[in-house]
Amino acid sequence: GSAMLRRLNTWIGKHPHVGDVRGRGLMIGVELVKDKQTRKPAAVMRDAIVDLAFQRGLLLLGCGESTIRLCPPLVVRAGEAEIALDILEECIRLTAIG
């Protein structure tokens, strides 16, 4: 969980639409915003990312207005978590471009 949070927290400075990352243990939320200054929720983008991730084999849940909820099984290998985060990051990048 903490390794996932550490990696996800780097996305706030790396991806223009990741406004916040928060969570405890393996229950983690990635908030998407249209603009970091206004903090306006990016609901359409969130839904597109969830759909794109599903097409790539990663099941995510929406939460609130524009947050992606990660809730992996309690027993997850580090490699599996890395693959999931790789897929999620690719989907964030692709959705921000398109």
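The values are calculated or read from the model by the stated rules, or taken from the named source; none is laboratory data. Small disclaimer: the values here were computed from a predicted structure and weren't measured. Cβ atoms come from the backbone with ideal geometry, glycine included; neighbour counts cover every protein chain shown. Surface areas here come from the heavy atoms of the whole protein model, side chains and all, with no ligands, DNA or RNA. Shrake-Rupley method; radii C 1.70, N 1.55, O 1.52, S 1.80 Å.
This structure gives Cα extents along the principal axes in Å, computed directly, and of [x] 36, 27, 18; [y] 37, 26, 23; [z] 38, 31, 21 that value is listed as [y].
With only Lys, Arg, Asp and Glu charged, each at its Cβ (+1 for the first two, -1 for the last two), find how big the charge dipole of the chain is about the Cα centre; round to the nearest 20 debye.
Working: 14 positive and 11 negative charges, 62 e Å.
Dipole magnitude for the chain comes out near 300 debye.
Please give the helix 2-14 orientation as an angle from the longest Cα principal axis of the chain, in degrees from 0 to 90, rounded to the nearest 10. Result, in degrees: 20.
GNM on the chain, alpha-carbon springs under 10 angstrom: the most fluctuating residue among 19, 57, 29 is 57. Mind pulling the angle between the C-alpha long axis of helix 43-55 and the longest principal axis of the chain? Nearest 10 degrees, somewhere in 0 to 90. The answer is roughly 40 degrees. Comparing mean-square fluctuations of 75, 30, 21 from a GNM of the chain with C-alpha springs under 10 Å, the top value falls on 75. With axes computed from alpha carbons, what is the tilt in degrees of helix 78-97 against the longest principal axis of the chain, rounded to the nearest 10 within 0 to 90? Tilt of helix 78-97: around 10 degrees.
In the chain, what percent of the accessible surface is made up of carbon and sulfur (1.4 Å probe, ligands and nucleic acids excluded)?
Ligands and nucleic acids excluded, carbon and sulfur give 58 percent.
For the chain, the per residue solvent-accessible surface stands at 59 Å², with DNA, RNA and ligands left out and a 1.4 Å probe.
In the neighborhood of residue 60, defined by Cβ-to-Cβ distances under 11 Å, what is the net charge if each Lys or Arg adds +1 and each Asp or Glu adds -1? If you can, show how the numbers build up before the last one.
Details: positive: 46, 56, 69; negative: 47, 51.
Summing Lys and Arg as +1 and Asp and Glu as -1 gives +1.
Modelled spin-label separation between residue 93 and residue 22, with each label point placed 7 Å from Cα along the Cα-to-Cβ direction: 2.8 nm. Proximity of backbone amide H atoms, modeled 1.01 Å from N, is registered between residue 62 and 69 at under 5 Å, excluding neighbours fewer than 5 places apart on the same chain. Within the shell defined by Cβ-Cβ distances under 14 Å, the residues around residue 34 carry a net charge of -1, with Lys and Arg each +1 and Asp and Glu each -1.
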